[in-house]
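The values are calculated or read from the model by the stated rules, or taken from the named source; none is laboratory data. Computed from a predicted structure; not experimentally measured. FYI the Cβ positions are ideal-geometry reconstructions off the backbone, even for glycines, and counts take in every protein chain you see. SASA here: full protein model, heavy atoms, side chains in, ligands and nucleic acids out. Shrake-Rupley method; radii C 1.70, N 1.55, O 1.52, S 1.80 Å.
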Amino acid sequence: MRKGALLTNTLMVLLGLFAVAPLLWMLSVSVMQPGEAAHFPPPLIPADPTTTNYVTLFASTDMARYFANSLLLACLATALSLTFNVMAGYAFAKLNFRGRDRIFRFLLTALVIPAQVAMIPLFLICKELGLVNSFGGVLVPSIATVFGIFLVRQYALAIPDEMLEAARIDGASEFRIFRVIVLPSLGPILVTLATFSFLGSWSDFLWPLIILNDGDKATLPVALANLSREHVQDFELMMAGSVVTLLPVLILFVVLQRYYISGLLAGSVKG
């Protein structure tokens with residue numbers, strides 16, 4: 001191996017270890033004995049690993065309920081995102097209608113607006129619709145996003161127009177063309193969008209905190225914040241909660257990373 005390649009690989013390994021070190025320490029602390037992480041200097045490896053913190057976490061809190069709430073909301077947000085973003089992205093890429101490009105350029109300007117700016121008007125709209133303190137209100141921002149539409153549109157541009165025209169000449173309806181030709185062609189970007197949507201909904205903290213005021217409907221990030229306030233000195237219990245919150249999305253990302261990366265790169269090079 002050349003010296004330059006060896007140096008690059010060594011640097012990449014070190015950067016990788018630096019990036020995952022907090023996660024490894026979080027996992028290590030979660031299996032330490034209660035109070036062990038409060039010692040100075042804090043230990044890196046548990047002296048006597050235990051699952052007591054996980055048992056206490058689920059026995060003394062409603063963590064199972066919060067986990068189910070987050071899982072339900074993430075699955076519904078993913079389904080809504082796929083439904084509306086894919087149809088809108090395909091329409092902006094392949095269907096001809098008046099003002100299509102102008103509307104799309106107008107939508108792109110919304111990408112530079114921070115999401116926090118839109119939360120107050122969105123909350124007022126949800127209040128008028130009676131969606132405050134409901135799962136429906138949590139799902140409203142997930143129905144369609146500019147980024148999701150942009151991602152699908154860029155990928156759908158690669159679908160040959162000749163194939164769609166041939167299907168129309170053969171008498172296929174627009175819905176059948178979308179279902180039989182378009183959806184199978186968008187496979188990688190569908191996985192990418194689903195991964196983005198699930199991760200975004202699962203880890204969202206601010207919007208569920210604003211829209212939900214019933215503790216039984218709280219999601220995992222909100223419940224974890226409450227846990228940190230109630231057990232501020234119990235590092236092991238908080239780290240166990242962090243592992244429970246992080247593990248599902250980490251598994252999902254590792255399982256789907258091949259499709260996720262290929263879809264993201266494909267969408268990024270099509271204009």
In nm, to one decimal, how far is the Gln116 label point from the Glu162 one, both placed 7 Å along Cα→Cβ? 5.2
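Round to the nearest 0.05 the FRET efficiency obtained for Ala21 and Phe147 when R0 = 30 Å and r is the Cβ-Cβ distance. Kindly include the intermediate steps, with their values, before the conclusion.
On the way: r = 30 Å, r/R0 = 1.01.
Efficiency for this residue pair is about 0.50.
Just check the chain against the gyration tensor rule for me: Cα atoms, a ≥ b ≥ c as the square roots of the eigenvalues, rounded for a/c under 1.5, and otherwise prolate or oblate depending on whether a/b exceeds b/c. It would help to have the intermediate numbers written out before the result.
On the way: a/c = 2.56, a/b = 1.53, b/c = 1.67.
Because a/c hits 1.5 or more and a/b fails to exceed b/c, the chain counts as oblate.
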Pulled fully out, how much extra length does the chain show between Leu95 and Lys127, if you take 0.36 nm times their separation in residues and subtract their Cα-Cα distance? 8.0 nm
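When the chain is fully extended, how far beyond the present Cα-Cα distance does Arg102 get from Glu174, taking 0.36 nm per residue of separation?
Numbers: separation 72, 0.36 × 72 = 25.92 nm, distance 2.30 nm.
Using 0.36 nm per residue and subtracting the Cα-Cα distance, I get 23.6 nm.
So if we plug the beta-carbon distance of Phe40 and Leu250 into 1/(1 + (r/R0)^6) with R0 = 22 Å, what FRET efficiency do we get, rounded to 0.05?
Details: r = 30 Å, r/R0 = 1.35.
Result of the calculation: an efficiency of 0.15.
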Rounded to the nearest percent, how much of the accessible area of the chain (1.4 Å probe, protein heavy atoms only) is carbon and sulfur? 70
Quickly work out the Thr51-to-Leu14 label distance, labels modelled 7 Å from Cα along the C-beta direction, and quote it in nm with one decimal. 3.9
In nm, spacing of pseudo-spin labels at Asp216 and Thr83 (7 Å Cα→C-beta vector): 2.6
Taking the Cα of Leu72, stepping 7 Å toward and past its beta carbon, and measuring to each backbone N in region 245-259: which are under 14 Å? none
At 1.4 Å probe size, with every protein chain present, just tell me what the per residue accessible area of region 48-119 comes to in Å². 60
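What is region 1-102 by shape, rounded, prolate or oblate, if you read a ≥ b ≥ c off the alpha carbon gyration tensor as root eigenvalues and call it rounded for a/c under 1.5, prolate for a/b larger than b/c, and oblate otherwise? Could you put the intermediate results ahead of the total?
On the way: a/c = 4.76, a/b = 1.43, b/c = 3.32.
Oblate, since a/c reaches 1.5 and b/c is not below a/b.
For the pair Leu6 and Arg229, what calculated FRET efficiency results from E = 1/(1 + (r/R0)^6), where r is the Cβ-Cβ distance and R0 = 51 Å, to the nearest 0.05?
On the way: r = 48 Å, r/R0 = 0.94.
Calculated transfer efficiency: 0.60.
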Taking Cα centroids, how far is region 7-47 from region 82-107 in Å? 46
Farthest toward positive dipole pole in the chain [+1 Lys/Arg, -1 Asp/Glu at C-beta], among Trp207, His231, Phe97: Phe97
